[in-house]
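The values are calculated or read from the model by the stated rules, or taken from the named source; none is laboratory data. Fair warning: this is a prediction, and the values are worked out from it, not measured in the lab. Note that each Cβ is placed from the backbone with ideal geometry, even for glycine, and that neighbours are counted across all protein chains shown. These area figures cover heavy atoms from the full protein model, side chains too; ligands, DNA and RNA do not enter into them. Shrake-Rupley method; radii C 1.70, N 1.55, O 1.52, S 1.80 Å.
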Amino acid sequence: MKESNPQLINGVPVIGIVIVSHSRRLAEGVRELALQMVKDHVPIAVAAGIDDPANPLGTDAMQVYEAIASVYSDDGVLVLMDLGSALMSAEMALEFLPSEQQQHIHLCAAPLVEGAIAAVVAAASSSDIQQVITEAQGALVAKATQLGLDESHLSLVISEEPMINDKGQTSQISLTVSNRFGLHARPAAQFVSCAARFQSQIQVRNITKGSEFVRADSINQVAMLGVRQGDEIVISATGSDAEEALAALQTLITTNFGEDNTPPHLPITPLPPNPTRWGPLAPHLPIAPSPHLPTSLQGIPASPGVAIAPCFRYRKTPITWEQTTSREQPPHYHVEDIREEWQRLQTALHTAQQEIQTLLSHSSIQIGDTEAAIFDAHLLFLADPTLLEAAQQRIFTQHLNAEAVWQGVINEVASNYRRLDDPYLQERIADVVDVGQRVLRVLSGTPMTIVDVPQPAILVAADLTPSDTASLDPTRILGICITAGSATSHTAILARSLGIPAIVGLPPEILQLADGTQLAIDGETGRVWVEPEPETLVALRTQRDAQQVNRQQTRTIAHQPGMTRDRHQINVFANVSGINDTQQAVNFGAEGVGLLRTEFLYLNRTTAPTEEQQLEVYQAIAQILDHRPLIIRTLDVGGDKSIAYLGVGLESNPFLGWRGIRFCLDRPHVLKTQLRAILRASFRHQIKIMFPMITTVAEIQAAKAILAEVQGELRQAGVPFDEAMQIGIMVEVPSAVTIADQLAREVDFFSIGTNDLSQYVMAADRTNPKVAKLADALHPAVLRMIHQTVEAGHAAGIWVGLCGEIAADPLAAPILLGLGLDEVSLSPPAIPAFKGAIAQLTMPQAQAIVTTALQQDSAAKVREIVNDDLHLI
Ligand code: PEP
Ligand code: MG
């Protein structure tokens, strides 16, 4: 590989192109054709044919590697392939490259001939790698247009049957979607991102709604399928990695996209619209206070809490267009240089993407990854191939300017959503408009505005976009009142995450209030009081103050050690799967991390993370924890977590198959790389190691032997690590419980994984909605297993924790405490409630609850007795 980095010659990116084909002559021909277009400026290498005169057709990974090396640049290398093994050779060639270079190599799904020409032309005109990729991928548009294929060819619905291409066999799976909201924005985004990682052509249809097949890499098409909980879908994949793609998508769906399927803590009941609603106000009219303002208004409760403050009317700065007479409508004009116009739109899309990325990072830290993922959907929207192809086609065929074309495309998507008779999809129009306006604003050169108020206030507006809401400062915006929206809008979801009381769907009269008018709002009932009477104010202040004291108390308790009323301490740790949720865990009062699910490091990529990449992440997480303990679980692949490139493959009983430690012991190089990274990170950090799915004593002994081998190698190389690091196992299969006394002799701690333990004890697949309810960790059969494990661990003198999701159930707190666990690890937002719950109890009370619970014959009865006992305490 070249040492030098030829990027940015005279400030211009240098993009290398590699053509991989079975036929040398075909590849040379494509290179010749492409170079003719650009006067030899772009480095193009060919990797084609094999060194066998008798049978010269084929591809060779080493040749592809050498071709990439010969044109390598940090600005990016685009690899175009013909079919079949060309893809595999290219993927394999990537593995020969150092990891820091792999990220600059892009395997492109574009058609070989058209794609190569479009890519070379774009690369020669100083485009960056993303632009070159888009050009290559959209290369068929011009041909389609020439052949008279109209927009419908690129339209949202493809066909009743999946389109079969020439890349190979088509495989299909049929699944029932069981997560609570179906394929709504966040799961749709996960589904599309996952599908887009594969070379295969993937399509999906909603059988329940009788829809046709749509492209799985288009966020809008997938969202418009309107897939809800219980709907049956068919996914079809055609291509070399079809099986892996289907396995990965199946995993996403069967694991409910990582969502918690329990209903939200605070159900929000939409109220009927207020009969006093007026028609919408003309925008930007000067507003005079109405002499007939009602004293109170009713809207839809969207985010709980009481707020009392002067109101501040927010009006979004409109986009202004220099070239138009109205200055509010984007200009329409004829463009001569269509390539330059397409480039202008792509630059605006790129800027918009960067803005959303910043918003996403900011929101991940402030409100957590789950809610911030709304903006992942915004990013996917900007990368939706059907939108980009439609926009490019219009610029190229109609010679229309970028802003007119973009607005046209956005209006069509919004009206497609509007036509669908689905209230949830109606809410997505706000996201479409939000993203669409962002791009138009960038094109117009109008600066971005931040919603701010001159003093702490209740914000009153016709509408707020999700982007506006995510950037609100809760110390200045004490409440939100808007006339648009519903409780399921992203604006409402974001307000709840930020803890700002909010009411949506208010009558437009509220928009007539003069700035500074005193308001009081109750986000739980949806009521707004205008200039409230003194006695109303007193009552609401009392309610607000009580809420604040309550919140403050929970916050204070959350940041103190987990302690019962009689001062028995239990460590309250967090389950995390990344850097952002570790920060969130600390904010919620986690005393450490009890389970780092390292699988996240292996997802969304095509090769396993290197030792250095893992080390960097483990160190970053340990740094955030600042001397709090960090328990790193080694890779738990298999079961419901399929990672295509590791080659676990499809199994008929994945939960009883090649998962966790079973896989790692058979692939010691994967485990050793991870152990080296964990050991190196343990130097000067409080790290412990934990092995998943241990079923026999021989397995933990084999894992420890590999660990000892790695420790020996590090010692010999003089690499420091924590020699006293504790080693533990997850107790999550029944055999581990029954031989817990033997296993306890091998390790320093146990952590009980009730998610798996419940499914194995109750013989009920945790991902199968028809039986998943049986796998309830509060069933006495599971509780007795936990009890037995704690007793065995304590008898052997080791500590015992628990890291299953059950710990987040408020009714589980007294039971887990009474069972004698030394540590619990749970999802970060549930930590304050857990600490609050145990702070009300004494150890003897909790033990008494457990004694009764263990004698019950169902999970329902356990819940009943906990409920009753808590009321008596
Ligand atoms: C468990 O099984 O309880 C557990 C915490 O692990 P996971 O959910 O990752 O399988
Ligand atoms: Mg598990």
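Structural remarks
- For beta carbons closer than 6 Å, sequence separation of 6+ or different chains, a first residue in the range 665-679 that is more than 16 Å from Arg597 (Cβ to Cβ) and open to solvent by 40 Å² or more (accessible area, probe 1.4 Å) and a second that is assigned to a helix (DSSP H, G or I) and not basic (Lys, Arg), the qualifying pairs are Leu665/Ala702; Pro668/Ile706; Lys672/Val710; Thr673/Glu611; Arg676/Glu611; Arg676/Val710.
- Residues of the range 202-217 satisfying the condition of being more than 23 Å from the chain's Cα centre (by Cα) and hydrophobic (A, V, I, L, M, F, W, C): Ile207, Phe213
- Residue satisfying condition, being modelled with pLDDT of 85 or more and open to solvent by 70 Å² or more (accessible area, probe 1.4 Å), within set His350, His378, His362, His332: His332
- Among (1) open to solvent by less than 60 Å² (accessible area, probe 1.4 Å); (2) modelled with pLDDT of 85 or more; (3) more than 30 Å from Asp756 (Cα to Cα), the one test that Ile207 misses: (1)
- Residues satisfying the criterion are present in the range 693-700 (criterion: at positive phi, aliphatic (A, V, I, L, M) and within 16 Å of ligand 2 (Cβ to nearest atom)).
- Complete set of residues in the range 550-581 that are within 16 Å of ligand 1 (Cβ to nearest atom), within 25 Å of the chain's Cα centre (by Cα) and not charged (D, E, K, R): Phe573, Ala574, Asn575, Val576, Ser577, Gly578
- Any hit, the range 188-199, residues being surrounded by fewer than 19 Cβ atoms within 10 Å (Cβ to Cβ) and modelled with pLDDT of 85 or more: no
- For Ala744, the conditions (1) more than 16 Å from ligand 2 (Cβ to nearest atom); (2) open to solvent by 10 Å² or more (accessible area, probe 1.4 Å); (3) within 16 Å of Ala792 (Cα to Cα) are fulfilled apart from (2).
- Listed by first and then second residue, the pairs linking a residue in the range 734-760 that is among the acidic types (Asp, Glu) to a residue that is more than 13 Å from ligand 2 (Cβ to nearest atom) and part of a loop (DSSP other than H, G, I, E, B), with Cβ atoms under 8 Å apart and 6 or more places separating them unless they lie on different chains, are Asp741/Ala796; Asp748/Gln726; Asp748/Ile798.
- Within the range 677-698, the set of residues being more than 16 Å from ligand 1 (Cβ to nearest atom) and not in a loop (DSSP other than H, G, I, E, B) comprises Ala677, Ile678, Leu679, Arg680, Ala681, Ser682, Ile687, Val697, Ala698.
- Residue, farthest from Ser200 (Cα to Cα), within the range 224-240, restricted to residues that are touching a Phe, Trp or Tyr at 6+ places or on another chain (Cβ under 8 Å) and surrounded by 21 or more Cβ atoms within 10 Å (Cβ to Cβ): Met224
- Sole exception among (1) surrounded by fewer than 17 Cβ atoms within 10 Å (Cβ to Cβ); (2) within 13 Å of ligand 1 (Cβ to nearest atom) for Leu635, by number: (1)
- Residue in the range 429-438 that is of a type in the set (Asp, Glu) and in contact (Cβ under 8 Å) with a residue 40 or more places away in the chain present: yes
- Listed by position, the strands (runs of 3 or more DSSP E) inside the range 447-544 whose residues that are surrounded by fewer than 24 Cβ atoms within 10 Å (Cβ to Cβ) and of a type outside the set (Phe, Trp, Tyr) number at least 1 are 457-461, 477-482, 518-522, 527-530.
- Thr842 vs. criteria at pLDDT 95 or above, surrounded by fewer than 22 Cβ atoms within 10 Å (Cβ to Cβ) and among the hydroxyl-bearing types (Ser, Thr, Tyr): yes
- Any hit, the range 781-804, residues being away from ligand 2 (no atom under 16 Å from the Cβ), over 16 Å from Val824 (Cβ atoms), open to solvent by 50 Å² or more (accessible area, probe 1.4 Å) and touching a strand residue (DSSP E or B) at 6+ places or on another chain (Cβ under 8 Å): no
- Matching option when the condition is crowded, with 22+ Cβ neighbours inside 10 Å, within 16 Å of ligand 1 (Cβ to nearest atom) and over 16 Å from Leu707 (Cα atoms), among Leu595, Leu625, Leu603: Leu595
- Within the span defined as the range 847-856, one or more residues are surrounded by fewer than 24 Cβ atoms within 10 Å (Cβ to Cβ), away from ligand 2 (no atom under 16 Å from the Cβ) and small (Gly, Ala, Ser).
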